[in-house]
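Working notes, beginning with the structure itself.
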Amino acid sequence: MLVDNALRRKISVRIAQRQRGAGSARAMAERMTLVAERAIAAGAAPGPGQVAQAASAPRRAPRVSVLMANHNGGPFIAHALASVQRQTLQDLEIIVVDDGSRDDSVAVVRRLAMLDPRIRLLLRPEAGGPGAARNAALAAARGQWVAIVDSDDLIHPERLKTLVAKAETDGADIAVDDLLIFSDDGQVPPRALLSAMLAGAPRWIDLPAFIRSNRLFGREPALGFTKPLIRRQRLLDTAGAYDEALPVGEDYDLLARAMARGLSLRAYPDLTYFYRKRSGSISHRLDDARLAAMVANAERFRAQIEVTPAMDAALRARERSIKAARAFTRIVERLKARRFGAALRQAAASPAGASLLRVVAGDWLAALGRRLTPSRACAAGRVVVLSRQRVIGATNGSSTYLLGLCQALKAQGASLEWLGPSPTTFGRWPWMRLTPQMRMFDRVRLRGGWRVGDLLIARNPAVLGAAALTALESLLAKLKLRPRGWVKPAPYAISAEATDADRLYIAARARGARAILVDYAFLAPLAPYALTPDAPCLVVMHDLFSSRDAQFAAAGAADSVTALGAAREFELLSQADAVIAIQEVEGEVVRRANLDQRVIVAPLAITPAAAAQPGVGASLLFVGSNTAPNVIGLQWFFDEVWPIVTAGWPEAVLTVVGNVSRAIDTAPAGVRMLGPVPDLASLYDQAAVVVSPLTAGSGLKIKIIEALGWGKAVVATSVSLQGVEDLLKTCVLRADDPAQFAAHILDLLADPDRRAALGEAALERARASFSPQACYGELVEAMLAGD
């Protein structure tokens, strides 16, 4: 019985989302086969004959046909296919044409095709070259667009969606993006191909410019190396097919012929194609026979087009480069054969060819430099934490939570590296002093910063100027000489737009990671730049940002982070292998939105105090960082609750701890603004009541869980208790009405025994629900499986 497409798709997507953690290509394929066989045995998936029958049935044409030629790509093809399967644009087909492989790559593709009906495998019994294989794929394609992906490369999850949208908006027939070029052995630093040419902006490329860029050994990037997205019917109507006589340069030739017949090409700066540079790859080997084929092809092309003066100049420049390359290869061949006299005569006959010896000299010097320079890549086996937070220790709720997760991994023997890819992390302060908690990381690195002992110092002197202005603004506000707001705030780092420099920093330093822990959904698109598809990627969501807009609107305020719609948030989260939610309610929202994604609920773990601490006197405590939820909630407390409290208990004192103090210029009478403190223990010990008056925000409020661990009596709003309302209903007093909130505080100030009873109940709940094992067991298993 044929299984319906929805069920088959669910099986295939689930497997695709786990591929990054599946080990080697062979092991991955074996595991997928085992899952498929079990599903088939249970009647939940079609058998091999049924797959063939389903594949032959008429289907709707997909948006994109991905064409993948393969020849002995066994070590890489499973990862290449997985990167296509993980595209956020799911309306696609993947046509793999095997060009006479002699390794196990055909078996790998067959196993994957059993689980994903979008994969189609075509076989060529003998190798005919990449042009012949791509022609077979092109003939079988049905998509509106065709996209070229090589069997040893990778693409970013958002590549096809982004390119198609931009090409359709701009009316381009051919769209190319930038290539992140990385070496197979990791010895050569990754680099972008087109960044200097495009300078961050898209550009129309005319045919003469395209031809000039493809001079061999030219100084400008060769656009023929790019992997295009092309309107299929327009391609068939113009260029038609690849030149199968070309062993190299077939991509350039196809695009040049298409452009000569009217197709437009637009180049985009998006760094979303990951090009693996292998010493054994055909495109990195040139010999006289291949160059002779390029000469013949250039002659055919010239004869087929109308040659304008600009075209003629470009063609001549490229033809001269091929001629020089032929002379160069002959010189090198003679040198390798120790025929030095013949090499010298060849060099004298072709100075242009001899000048290319600089390439050999440059490669040799670069290799020497690499041997003398310590590797910047992370040590194999490390868990890399990608973060743009200003993490210096457990100084705020989000840092406390992230470091708690990391400490759980460290306790199980994991080696940790904190990697900050963006200088925006510095914000407006030119240094960061790392606390002893950061010593759990074997290495802490931040782009744009120097590490000096426990200090990270910004290299950009403009940050020092921004800090001086910020200090002046704060001083003038305190003196009531000028209100805040005239100094432009630094962008909120966690949601800042990533740059190519950020991406290349990750590519150079995170490759080889054992696992990747991404701090906030905004950074999920950066994880693929680690170029380690075997490493599982888990994203720490902290908050469900798409739920915050309505709350802030109701409070008449704006979020301090960014506005993020639900569709975009779930798309970001879907790019990870698993999502770490801080509380169950938000975890369930993600499960419903991303049906096939693993969600791990991992609340903040704490080490509870030995006994409840009812506190002394009439002291209240609020702990918070300088974020919009804390600022808005504290202001509500000052305006609506505090006057009632002080009217009923004039001796009451509220201590406010944390960076939230920086946002409050004038505090009411009876309020102490302490700012950040090195140790909260004495403040929690003395506090009679801990308050959490938040009126907007999402996630699990760290301050609530910390207060439970200290055995404190707590009064909190419903927003503060999101996700744990039922769990904490017997140990935390809840109120959203200002009068009721104040009444709870006054009752507790008057009754130390009740404070002690609530504190004991809080400790009991903390021990049962917020121990490290209860909170982090599934996380450790997901990231360190196999130990």
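The values are calculated or read from the model by the stated rules, or taken from the named source; none is laboratory data. All figures in this text were calculated on a predicted structure; none of them were measured in a lab. Every residue, glycine among them, receives a Cβ derived from its backbone with ideal geometry; neighbour counts consider all protein chains shown. Areas reflect the complete protein model, heavy atoms only, side chains present, ligands, DNA and RNA absent. Shrake-Rupley method; radii C 1.70, N 1.55, O 1.52, S 1.80 Å.
Quick look at the values:
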{"item": "Matching residues, segment 719-745, being in contact with a Leu (Cβ under 9 Å, 6 or more places away or on another chain) and small (G, A, S)", "result": "S720, G723"}
{"item": "Restricting segment 163-176 to residues that are crowded, with 18+ Cβ neighbours inside 10 Å and of a type in the set (V, I, T), the residue that is farthest from R86 (Cα to Cα)", "result": "I174"}
{"item": "Residues of segment 643-690 satisfying the condition of being among the polar types (S, T, N, Q) and either assigned to a loop (DSSP other than H, G, I, E, B) or within 35 Å of the chain's Cα centre (by Cα) (or both)", "result": "N659, S661, T666"}
{"item": "Within segment 403-423, considering residues that are open to solvent by 60 Å² or more (accessible area, probe 1.4 Å) and not in a loop (DSSP other than H, G, I, E, B), the one nearest to Y520 (Cα to Cα)", "result": "Q407"}
{"item": "Lone qualifier among L254, L216, L223, L235 - being among the hydrophobic types (A, V, I, L, M, F, W, C), in contact with a strand residue (DSSP E or B) (Cβ under 8 Å, 6 or more places away or on another chain) and within 18 Å of L179 (Cβ to Cβ)", "result": "L223"}
{"item": "Verdict on R302 being under 30 Å from D502 (Cα atoms) and either without any contact (Cβ under 8 Å) to a residue 12 or more places away in the chain or open to solvent by 60 Å² or more (accessible area, probe 1.4 Å) (or both)", "result": "no"}
{"item": "Residue within segment 221-230 that is without any contact (Cβ under 8 Å) to a residue 40 or more places away in the chain and not in a helix (DSSP H, G or I) present", "result": "yes"}
{"item": "Matching residues in segment 719-745 - criterion: being closer than 16 Å to L604 by Cβ, outside any loop (DSSP other than H, G, I, E, B) and not aliphatic (A, V, I, L, M)", "result": "S720"}
{"item": "Residue in segment 207-230 that is surrounded by fewer than 16 Cβ atoms within 10 Å (Cβ to Cβ), farther than 29 Å from S574 by Cβ and at pLDDT 95 or above present", "result": "no"}
{"item": "Selection status of A652, of a type in the set (A, V, I, L, M) and either at pLDDT below 90 or open to solvent by 30 Å² or more (accessible area, probe 1.4 Å) (or both)", "result": "no"}
{"item": "Looking only at segment 190-206, and only at residues there that are closer than 17 Å to T272 by Cα, out of contact with any Asp or Glu (no Cβ under 9 Å at 6 or more places or on another chain) and part of a loop (DSSP other than H, G, I, E, B), the one that is most open to solvent (accessible area, probe 1.4 Å)", "result": "A199"}
{"item": "Selection from segment 564-611 of residues that are hydrophobic (A, V, I, L, M, F, W, C) and assigned to a loop (DSSP other than H, G, I, E, B)", "result": "L564, A576, I582, L595, A602, L604, A605, I606, A609, A610, A611"}
{"item": "Residue match in segment 617-631 (condition: in a helix (DSSP H, G or I) and more than 28 Å from A394 (Cα to Cα))", "result": "no"}
{"item": "All positions within segment 441-458 that are within 25 Å of the chain's Cα centre (by Cα) and part of a loop (DSSP other than H, G, I, E, B)", "result": "F441, D442, R447, G448"}
{"item": "Long-range neighbours under 7 Å by Cβ, at least six apart or interchain, first residue surrounded by fewer than 18 Cβ atoms within 10 Å (Cβ to Cβ) within segment 630-641, second in a helix (DSSP H, G or I)", "result": "E640/P738"}
{"item": "Residue within segment 255-263 that is surrounded by fewer than 23 Cβ atoms within 10 Å (Cβ to Cβ), among the charged types (D, E, K, R) and under 29 Å from A501 (Cβ atoms) present", "result": "no"}
{"item": "Criterion (surrounded by fewer than 22 Cβ atoms within 10 Å (Cβ to Cβ) and touching a Pro at 6+ places or on another chain (Cβ under 6 Å)) met by exactly one of G512, G448, G485", "result": "G448"}
{"item": "Subset tally (residues that are part of a helix (DSSP H, G or I) and either open to solvent by less than 70 Å² (accessible area, probe 1.4 Å) or within 11 Å of A258 (Cα to Cα) (or both)) for segment 233-247", "result": "4"}
{"item": "In segment 334-346, residue least open to solvent (accessible area, probe 1.4 Å) [restricted to those that are in a helix (DSSP H, G or I) and within 16 Å of D288 (Cα to Cα)]", "result": "A343"}
{"item": "Filtered residue count, segment 424-440, keeping only those that are charged (D, E, K, R) and in a strand (DSSP E or B)", "result": "1"}
{"item": "Subset tally (residues that are surrounded by fewer than 22 Cβ atoms within 10 Å (Cβ to Cβ) and closer than 24 Å to T607 by Cβ) for segment 746-760", "result": "3"}
{"item": "Residue tally, condition under 19 Å from V360 (Cβ atoms) and either under 43 Å from the mean Cα position of the chain (by Cα) or open to solvent by 80 Å² or more (accessible area, probe 1.4 Å) (or both), over segment 308-333", "result": "10"}
{"item": "Contacts under 7 angstrom Cβ, first residue in segment 476-496 being more than 23 Å from A521 (Cα to Cα), partner aliphatic (A, V, I, L, M) and open to solvent by 30 Å² or more (accessible area, probe 1.4 Å), 6 or more apart", "result": "R482/L476; V487/L469"}
{"item": "Counted residues, segment 746-787 - those being over 30 Å from P533 (Cα atoms) and assigned to a helix (DSSP H, G or I)", "result": "22"}
{"item": "Qualifying position, being surrounded by fewer than 23 Cβ atoms within 10 Å (Cβ to Cβ), on the phi < 0 side of the Ramachandran plot and modelled with pLDDT under 95, among G128, G143", "result": "G128"}
